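Visitor: Sharing a structure below in structure tokens format, with a few things to ask.
Only the coordinates and a few stated rules stand behind these numbers; no lab work does. Keep in mind that what you see is a predicted model, and the values were worked out from it rather than measured. Cβ atoms come from the backbone with ideal geometry, glycine included; neighbour counts cover every protein chain shown.
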Amino acid sequence: MYLYDTTYLRPGSIDEAKALYDAGESPAFLSGGHTLLPAMKGHLARHDRLIDIRRIPELQGIAEDESYLTIGAATRHCDVAAAPVVRNCIPALAGMVGTIGDVQVRHVGTIGGSLANNDPAADYPSAALALDAIFRTDQRTLTAEEYFQGLYTTALEPGELLVSVSFRKPEHAGYAKFRNPASRYALAAAFVAVHADGVRVAITGAGNDGVYRWHEAESALGHKFESESLDPLRADMENMSSDMHANAEYRAELVKFCTQKAVTNQNCITLL
Amino acid sequence: MKLVGERLLETSRHVVWRLLNDGEVLQRCIPGCESLSGNLDDGYDARVVLKIGPIKARFTGAVTFSEVRPDEGYRISGKGQGGVAGFASGGALVELHDDGGGTRLVYNAEAQVGGKIAQLGARLIDSTARKLTEAFFTKFAEEVAAYEAHA
Amino acid sequence: MNKNALPRRAVPAPTASREVSYRHGEPSPELKLVTDALFRHIGKPVPRKEDERLITGKGRFTDDFNLPGQVYAAMVRSPHPHAVIGRTDASAALALPGVLAVLTPEDMLADDLQPIPHNPVPSTNYDVKLRASDGSFPFVGPHYPLPLKKVRHVGEVVALVVAETPALAEEASELVDVEYDVLPHVTATAEAFQEGAPAVWDEVPDNVLVDSRFGDEEGTDAAFRRAAHVVKRRFHIDRVTAVTIEPRAALGHFDAETGRYTLYAGSGGAVRQKGEISKVLGVDRERLRVLSFDVGGNFGARNRVYVEFPLILWASRRVGRPVKFTATRSESFLTEYQGRDLITTVELAFDEAGYILAMRADNISNVGARCVSLSPLSKGSGLISGSYHIPCATLRARAIFTNTMCTQAYRSSGRPEVTFAIERMMDLAAEELGMDRVELRRRNLVPPDAMPYTNPVGQHYDSGEYEKNMDRAIELSDWDGFEARKAEARARGKLLGRGFANYVESSIGTPRERAEITVTEDGRVEVIIGTQPSGQGHETSFAQVVADMLGVPVERVQIILGDTDIVKEGGGSHSGRSMRHAGTVMAIASAELLADAKSRFADLHGINSSDIDFHDGVFSAAGVSTDIFALAQATAADKGALHAAHTNEMHTPVFPNGTAICEIEVCMHTGAPVITRYVTVDDVGRCINPLIVHGQTHGGIAQGVGQAMWELCAIDEETGQPSAGSFMDYGMPRSDNMPSFTCEIAEVHSPTNPLGIKAGGEGGTTPALAVIVSAIVDALSEFGVRDISMPVTPQRIWQAMRSAQRNQDNLDRSNR
Amino acid sequence: MTLVNLTVNGQERECDVPDGTLLVHLLRDHLGMTGTHVGCDTSQCGACTVILNGEAVKSCTILAASVGNAELQTVEGLAEGDSLHDVQTAFRTHHGLQCGFCTPGMIMAAVNMIDRHKGQLDETLVRHDLEGNLCRCTGYHNIVKAILSAAETYRARHQAAMAQG
């Protein structure tokens, strides 16, 4: 479990980071590294340079304005979970971040790392999608719909750097997660956010293409925001992923149950 | 793992067959394909980069064809070595049927993986295979459309 | 509940008192002295001596050792379950600067390395005799360090690379190009013995290496003919792996000057490693020194030799430098000896009153690609009747090869499997007979006055008060409060279920053990012993025993283990053998030492040795007294060190036993199970250190619960690929999915050894599989669920509820 | 190669390591501090837990080069002379370890847990906060007991210090 030869670089600015990236043959940005480094240790990835972006000032900090909560891409999970501003304005987000990985992982992992990776079982993508987030990169601004492009895929081009993510403040929101008993990633999880213009329901852990919006649930909840509104619904099995831990049928059931729990619990709840 | 599906293509079986046997078209359709050389009779040698999240593996492999029935379909079989990542093998029965003015392409595929990706990536194998298949046929449909537009 | 609902059935009188092997005739006065010692330390929760180094980071685990000039090995492993090995091209690996060697099977043959002499067939007088179908000794599949022609499981080492750094060795190992001619494979236990399955070994075309039958076939058939009820089921106790948190590691050195090999490698017993590895290397035993100090978990997986150990010693001789190997976790998941994997079909015949008349069992054990140990099959076979008096039984025991990693004795080898079967059968039978499951068990238990009891396949249970265990566990579990808890859970949308399981297990283990005890001139007692702890606290509990026997403070006793240059003999730790064997041989050695000391004291003071009193480590007579340390010092010049050494063989097994009860809440919507209560009563015989014994029980429970609820070495049958190669897919007991336990120790002393010890290491695990499944099924009973397979994951529970409900709906519809 | 300067258990250390070196390998292979262990490849077992700038982290998933000038605390640095840290004492008293391999990581996680929560812990919280540390020997029962007991000691010490003003 040793990495292939690599060069560690720590730029102080976005421009410097980009220049270092462009000069590399197979470069990678390094943030928390809790996905990248295990892949590199297992020799399933090889990068000639690792560009550590955690100290770049533009990528730091949590700020609030009237409509949005903006979090710098290099902000660690523990800092988001503990920040009073997050806890006050979107308690479900703070709660959700407090369930990512474990204590040690939260002390290192970052929001940018998680969102740039877009693991189909990660928590953050569902919050970003349900909270109608705006993704700011060093080049452009993207909506969550534009940003997430399927399994492990985002709109980020090679060398494009995620700078910050702005979550639209909801009237209220809830997150419910059913964990994979082995990995502790979500087998299925739902982030439900009520905005002035409607309800957004984002599902992670379950879909073949990663995070997605469950539109039927959104309209049912838009009609009446209570868990019973979802009773007649069935999550679409066609799109559910299937593996040794849960088949599509079970995932569909969990999706519905998590969504109902996210409706009734205005924070974050872990169901297993 | 089994993957079954079909695509409706707005062109004749003959055109679909031609494109299915055009190495350049195939190279553009196979996700991550860096090189593809060969032909229907002898099969193809391929180099494909597979990227799933943080994982990147380069597979080299050979593709062969059997049960070749021009304008109707064939059986395609392949094997690839991904070095440290492991290996993959699989096959698909591809059939072309007339459907309205177009062609219905039906595939019945199976795939197996071994080595590290099988041991460490269990949760992703199914979704990834689906994604790659989907990507191939989406691109192929684009190629068909482009061909038609050109013709 | 009414204990006396029905009169008890007569159980045969105890089998004639058997000679116990630790003594012949009357015990010596000294042995009487030690066995009657007023225990000052034994029975007390003395905190462990070994902790001081382990909590300060000063442990001595294998990977902590380094030697000057050492280089590193990495293994090239087969990605195929079954293939002929073709050409191996090492040129790219060797071209990397710093790569010293790539060693292949041809090199191994050239240097004449031999297969590992695993000796898998248990051979104590009391082990059941397992043989091939024609009665011959089973073919076990030679286990060369590198395979000669074929690979037979994914992960099998086909070559090793030695390089200057570990990173380089790893990288170079990926560049070794091995050609494989892939063969058809078989991995599933249920498939391997079927007609047409690919043969793992040409020598055993049907893959069945053991096929033995035991018991009274005629009597059993007759009993079944007159039975009022027959209950039959098949269970698969699937494959798990030990997951020692320390991955295995080894550091090997060949000293060209002395011609000696030195191996640092944690294991279940350094002496066995020395014996077997020296045979692989083809050298005299004394030319190999094995060091095994702190071992980060064993649970059976480390009792046998791993190919990497002889390989790095050989590589060291080849490259002339010390060679180190440290397994990654994924390598551990792939190639650590695995556990269980038994299919058992059980049939029970009952009379009208619910008494068991007879039993038929058919056990099929998947040994993997080679037979490393038949202990699981053997142990299980002897205990098929569990805690119950079953007058008549037959058993067919088969072992089969498959293209999978070898299985080995894993925590409580064989016993959890058969306990699962008999206890599930008791639940199912109670259901089918319309009886209370506790009452059905109570009715059939072996009563204390039948002890020692011979079970229908010939095992002699030494002692035990099974019904008392059961009653105490029922009491501790607040049995009567269950209904209220169930109603309360129901109000929260949870189904509460209660599981119940009795168990009896057997501890045998390698029969031979040696102790050397020396009272040193500087005032310590040194004990050299060949058991090998991996967390069981021998340095403390053994010291407690010797301290009491010699009447000295426990702080003065030092246990020395793990270096074969000092420890010449010893059976290692497995099968709950250590305290029983060590306690016995230490007792005898202590007695010999005291006898010698007494005569020294007599000589020293010129008095008659029969008048000497010994108390609290002090000899006294006729107004003079000398403590044992002063005596050792005073007589050393004349008589040498005060020292005794004794080797003892003890074949008689003991039978720890007990009861477990647990409660599990199941979410009605998702099937998610949560353990809310877990109670055990365990008869361990005499308990030397309750702190340690409780700890053993807790860990044992977690391992059993783990298998029941999450753990599985999943293998894709189609590809033969293991698919749970990391903690991402192999579910583990964690702090937040385990409850706190209520555990009580019962002490019914075993008559088979001087201290009355049974064992405390396996009792936690043995009933855990059964009790968890029992609780889940109980929770789901209202859905009509009667059984469920392990691991009982949320999905499986949910599916069981759903399909039971669907069946019910269909039934309702058709009845309408 | 990167020259890494850091303070380990109060001592300044300097080490020139390849850039891809993981923090745990810097400790074990370059500084000879073998108390911190490696138990898995995927940052799940927690055997490698150390305290970095006051926070528990998994040293198998951090590049040594990235922690320059940091304060690092490992299991070797907890005891002061012969006097054990309260958490170490509690693990011993309550038999919170068997084979001892996960123990350094457990203890470091526990030290950090008690600090983070200022000793205000109950069983549920301990079990939840310890999810990133695997133990195969103890079933966690005695580890949880040990941490709760150490937390109690922490609170008592804290109260005593407050009382003294």
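Visitor: For the pair C:Ala10/A:Ser13, report the inter-label distance in nm, with labels modelled 7 Å from Cα in the Cβ direction.
Guide: Result: 10.1 nm between the two label points.
Visitor: Pick out, in residue order, every one of the trypsin sites (Lys or Arg not before Pro) in the range C:176-283 that is DSSP loop and has at most 15 other C-beta atoms within 10 Å; say none if there are none.
Guide: Those satisfying the criteria are C:Arg226.
Visitor: Hey, another quick one. In chain C, once you exclude exposed GluC sites (Glu not before Pro) (DSSP loop, at most 15 other Cβ within 10 angstrom), what's the longest stretch remaining?
Guide: C:522-716
Visitor: Please list, in order, the residues from the range B:95-136 whose amide nitrogen is less than 20 Å from a point placed 7 Å along the Cα→Cβ vector of B:Ala149.
Guide: Correct set: B:102-103, B:135-136.
Visitor: If each DSSP helix of 4+ residues adds -39,500 (n - 2.57) and the sum is divided by the residues in chain A, what number results at 222 nm, nearest 500 deg cm²/dmol?
Guide: That comes out to -8000 deg cm²/dmol.
Visitor: Given charges of +1 on the Cβ of Lys and Arg and -1 on the Cβ of Asp and Glu, with all other atoms neutral, how large is the dipole of the range C:128-208 about its Cα centre, in debye to the nearest 20?
Guide: Around 520 debye, computed over the range C:128-208.
Visitor: Once the dipole of the range A:7-52 is set up with Lys and Arg at +1 and Asp and Glu at -1 on Cβ about the Cα centre, which of A:Thr7, A:Ala23, A:Leu44 lies farthest towards its positive end?
Guide: Projecting each Cα onto the dipole axis, the largest value belongs to A:Leu44.
Visitor: What 222 nm value per residue comes from the helices of chain B, counting each DSSP H run with n ≥ 4 as -39,500 (n - 2.57) and dividing by all residues, nearest 500 deg cm²/dmol?
Guide: -10000 deg cm²/dmol
Visitor: How about B:Lys131: which lysines have a C-alpha closer than 28 Å to its C-alpha, ignoring those fewer than 8 places off in the same chain?
Guide: A:Lys41, A:Lys177, A:Lys256, B:Lys2, B:Lys51, B:Lys56, B:Lys79, B:Lys116, B:Lys139
Visitor: Could you please rank C:Ile757, C:Ile85, placing first whichever residue has the fewest other Cβ atoms within 10 Å of its Cβ?
Guide: Lowest count first: C:Ile85, C:Ile757.
Visitor: Taking the Cα centre of the protein assembly as shown as origin and charging only Cβ (+1 Lys, Arg; -1 Asp, Glu), how large is the dipole, in debye to the nearest 20?
Guide: 1880
Visitor: Going toward the positive end of the dipole of chain C, with +1 on Lys and Arg Cβ and -1 on Asp and Glu Cβ, which of C:Asn815, C:Ile588, C:Tyr503 do you reach last?
Guide: Result: C:Asn815.
Visitor: Straight-line reach from C:Lys149: which aspartates and glutamates have a Cα under 15 Å away, not including same-chain ones fewer than 8 places off?
Guide: Filter leaves C:Glu106, C:Asp107, C:Glu179, C:Asp181, C:Asp202, C:Glu203.
Visitor: Quick one: if the Förster radius is 30 Å, what FRET efficiency do C:Arg260 and C:Lys44 give, using the C-beta to C-beta distance and rounding to 0.05?
Guide: Computed FRET efficiency for C:Arg260 and C:Lys44 comes out at 0.10.
Visitor: Mind listing the phi-derived Karplus ³J(HN,Hα) values for the range C:93-109, rounded to whole Hz, using 6.51, -1.76 and 1.60 with θ = phi - 60°, and x for any glycine or proline?
Guide: Rounded to whole hertz, the list is 5, 5, 6, 6, x, x, 8, 9, 6, 10, 9, 10, x, 5, 4, 5, 5.
Visitor: Taking the Cα centre of chain C as origin and charging only Cβ (+1 Lys, Arg; -1 Asp, Glu), how large is the dipole, in debye to the nearest 20?
Guide: That gives a dipole near 1060 debye.
Visitor: To the nearest 0.05, what FRET efficiency results for C:Glu432 and B:Glu67 with a Förster distance of 56 Å applied to their C-beta separation?
Guide: 0.55
Visitor: Just tell me which lysines come within less than 24 Å, Cα to Cα, of C:Lys49; anything on the same chain fewer than 8 places away is out.
Guide: Filter leaves C:Lys58, C:Lys568, C:Lys758, D:Lys145.
Visitor: So, one more: Do any trypsin sites (Lys or Arg not before Pro) in the range A:81-151 lie in a DSSP loop with no more than 12 other beta carbon atoms within 10 Å, and if so, which?
Guide: Filter output for the range A:81-151: A:Arg140.
Visitor: Restricting to DSSP H runs of at least four residues, report the calculated mean residue ellipticity at 222 nm for chain D, -39500 (n - 2.57) per run over all residues, nearest 500 deg cm²/dmol.
Guide: -10000 deg cm²/dmol, from helical runs alone.
Visitor: While we're looking at this one, here's another question. Would you mind ranking A:Met237, D:Met108 by Cβ crowding within 10 Å, fewest neighbours first?
Guide: A:Met237, D:Met108
Visitor: Considering only C:Ser750, C:Val554, C:Met425, whose Cα is most displaced toward the positive end of the charge dipole of chain C, charges sitting on Cβ of Lys, Arg (+1) and Asp, Glu (-1)?
Guide: Highest projection toward the positive end goes to C:Met425.
Visitor: Further question on the same structure: Taking Cα atoms of the range A:7-52, Rg/Rh with Kirkwood Rh, to two decimals?
Guide: Using only Cα positions, Rg/Rh for the range A:7-52 is 0.97.
Visitor: State the volume of the convex hull built on the alpha-carbon positions of the protein assembly as shown, expressed per residue in Å³ and rounded to an integer.
Guide: So the per-residue hull volume is 210 Å³.
Visitor: A:Asn88 to C:Asp177: FRET efficiency via 1/(1 + (r/R0)^6), r the Cβ-Cβ distance, R0 56 Å, to the nearest 0.05?
Guide: It comes out at approximately 0.40.
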